[in-house]
Every structure is written in structure tokens, then in C-alpha cells.
1. Within the range 308-345, which residues are over 28 Å from Lys94 (Cβ atoms), in contact (Cβ under 8 Å) with a residue 24 or more places away in the chain and not β-branched (Val, Ile, Thr)?
2. Could we say that Tyr21 is in contact (Cβ under 8 Å) with a residue 12 or more places away in the chain and more than 28 Å from the chain's Cα centre (by Cα) here?
3. Suppose we filter the range 55-75 for residues that are under 14 Å from Leu114 (Cβ atoms) and either surrounded by fewer than 23 Cβ atoms within 10 Å (Cβ to Cβ) or of a type in the set (A, V, I, L, M) (or both); how many remain?
4. Name the residues in the range 157-171 that are open to solvent by 80 Å² or more (accessible area, probe 1.4 Å) and assigned to a loop (DSSP other than H, G, I, E, B), would you?
5. From the list Met4, Met50, pick out the single residue that is over 26 Å from Gly247 (Cα atoms), modelled with pLDDT under 95 and surrounded by fewer than 20 Cβ atoms within 10 Å (Cβ to Cβ).
Amino acid sequence: MFCMSDSLKLFISYSHLDETYIKDFIKHITPLKTNGLIKEWCDRKIVAGMEFQDDINNNLDDADIICLFTSANFLSSDACLKEKKRAMCLKRQKGTAVIPIILSPCGWLDDKDLSVIQALPTDGKPVTDFGDLNKSMHVIYEGLKNVIGKEISIKQLKNTDRFSTFLQNIALLTRAHSQKEEVTLDDIFIYPELNKYNDLREYETKESSSKLIEEFFDSSKLLIAGENQSGKTTLCKKMYTQLRRLGFVPIYVSGENNFYRGKMSNIIEKAYGEQYAVMPMCEIEKHRIVPMLDDFHLAKNKEKCIRELSDYKYQIVIVDDVFSLNFKDEQLISSFTHFKIIEMSPLLRSQLIA
């Protein structure tokens, strides 16, 4: 069951010149609020004396769903365009659902951000073209309800008990902690340092792996190399957990199982079924799914495997050597940002032992 305390947060972005439509929209979504599915927020809720811009930014960043009420007024407003830009950033970084709602005929299809997102009402037909405002709002209501259902399902998606145990298991250190009989990943994890390489695989800089998630959203594809026992799989587990908290659906695959033989789509779907319960993978949009390919250097046909992942915007590939992937099609591998795990320093080792 979905609890009232788990209500999704809906942010309404609009031009004040279109406020009449917003009032109607809020009336029409009353059943969704009554049932505890959503709590809406728009700048009408700002009270006197509040730092209004900070309040807007905080609620925008905290939203699960962002509705962009689009019109010529919206597209000509600097404030609305800033909110749209932030919404697109949140969509990329957190998987936040962004829904353009077309109020009236305007040039939204020429906006590079809005034109690639499924809009409401159906097919982006403007509200004003319906003739009946209630009918258009009900179409929006049904579309929003579908989005809410998907978002709730993803929030409630749980790992199987067996895979949850795998994520926390640190086999080599189960007896290493003086205060605990069983040591888990959360007990001992320390972010290793990384060498970062440019597109030509030339050394660029050193940075902490704690910034990998930021790098991930900037580049969308990561190649992480590390020697045996360098902590590649442990780092992979940590990133898996982080991505899940952000609302993505990571899927972990290890090359030790079958050396990536067969179609990648079948391999990923099988791994999904072993890691998650209840929700079929086909119901999840591909931009929310993150294949994480561990021990990829064991793959028999690496170039074929990477090519078959082209439908997935986000990918993480783990190998033993950053230089081990020599593809005929250089574009395939140049689309990844390259890192190599540095051997843990004495300081980090002392922190781990402590």
C-alpha cells in the first residue's frame, strides 16, 4: 500500500499570465491529492516574508514530478525558462519526471528540451483547442495519473533478499571488525581515488570516486578500470545503491557468470529478474535503467556487447585495464569517460583498518 507520507511531490511551473488554467488544474487533481498520491506546490503557496526564490528552488529540486504549463507566455518568461532548464537538469540527474502541458498554440516544438518529451494533453494538443476546458483538464488528469502510477511503482521497487545480501556482502572482511560479528559494505566503504583520462585515454587528473555520480550525469557513460582486488566490484555496488536512491534502476551483470555470451537484452533482462521483485522490466522507461557491466574484460565479443547497449542512455562498464578495449569503431568507446582506480594510499588503508 502507498502511504500518505509517501505522497509524490508535484511542482507546477507556469507564467502568472496563465494563472486561470492553474486554478482549474489544481481543482481537477483533487482526487489524486485526496487519495494521498501527490502534494502539489506552486509559487502561490509562498507567504509574505519568505525568501521566495529560495523557496521556489528548494521545492523544484525536491519534486518527483514537474509540470511545465507551456504557452507563449511561458516561453517568453525568463523565470519560467530558468525553471525549465533546472527541470531538465533534474530529469537527467535524478530521473525526475518532467511533463510539458500545452496550454495554447505556441512554438514549443521548436524548443529543444520540450520537443523531445511526451506532452499533455495527448499528442501535445493545446488545452485551448478542446473547446471544453473540463474535457482537456480530464485528459491531462488521466495522463498525469499514469505518470504517477509509474513513479510510485519505481519508488516501491525493491531488491530481492538474495541480491540485497550480495550488495552488502564483503566476503574478505567478514571478520575484520573488532566490534561486529558481520561486516557489511556500509561499515567499511571508503571512496578510492581515481585517475581520469581524456577521450584519447591520456591522463587528465586525479579525483575521488565520490564524484563519480556527478561525472556519470555529465557524461552518461563511465568506463572504470582497476587491477585485481582494487575494489572495482565494491565501488560498483556503492554506485548501484546511490543510483537506486536517486530513482534510477541499475542492473548489475557480472562477466564471471557467462562471459557475456548471447544477446545483451536477454542478459540484462535475466539479471533484472534476479535483482528486483514484482514490476516487469518492460514497464520501466529505458532512460531510468542503468546497465552495470562488471568484469567486462571477460566478454568474448566486447564491441558487439557495447553496440547492443545503444538503447540505454546510461551505462557503467568495469574492466581490468582502461586500455583493454580496442574497438574498430572508436566512437563506441570514446563515448565513455575513462577512470582507473588508484591503489589505496596508506592514509585510506589506516582509515579502513580503524
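The values are calculated or read from the model by the stated rules, or taken from the named source; none is laboratory data. Keep in mind it's a predicted model, so treat the numbers as computed, not measured. In this analysis, Cβ positions are derived from the backbone assuming ideal geometry, glycine residues included, and neighbour counts consider all displayed protein chains. Side chains are part of the model used for accessible areas, which takes the heavy atoms of the whole protein and leaves out ligands, DNA and RNA. Shrake-Rupley method; radii C 1.70, N 1.55, O 1.52, S 1.80 Å.
1. Once the filter is applied, which keeps residues that are over 28 Å from Lys94 (Cβ atoms), in contact (Cβ under 8 Å) with a residue 24 or more places away in the chain and not β-branched (Val, Ile, Thr), the range 308-345 yields Asp320, Asp321, Phe323, Ser324, Leu325, Phe327, Lys328, Asp329, Glu343, Met344, Ser345.
2. Details: in contact (Cβ under 8 Å) with a residue 12 or more places away in the chain: yes; more than 28 Å from the chain's Cα centre (by Cα): yes.
Taking the combined requirement at face value, the residue satisfies it.
3. Narrowing the range 55-75 to residues under 14 Å from Leu114 (Cβ atoms): 66-72, 74-75.
Filter once more, keeping what is either surrounded by fewer than 23 Cβ atoms within 10 Å (Cβ to Cβ) or of a type in the set (A, V, I, L, M) (or both): 66, 68, 72, 75.
Summing the residues that are under 14 Å from Leu114 (Cβ atoms) and either surrounded by fewer than 23 Cβ atoms within 10 Å (Cβ to Cβ) or of a type in the set (A, V, I, L, M) (or both) in the range 55-75 gives 4.
4. Initial filter on the range 157-171 (open to solvent by 80 Å² or more (accessible area, probe 1.4 Å)): 158, 161-162, 165.
Answer for the range 157-171, where residues must be open to solvent by 80 Å² or more (accessible area, probe 1.4 Å) and assigned to a loop (DSSP other than H, G, I, E, B): just Lys158.
5. Numbers: Met4 fails: over 26 Å from Gly247 (Cα atoms).
Residue meeting the stated conditions: Met50.
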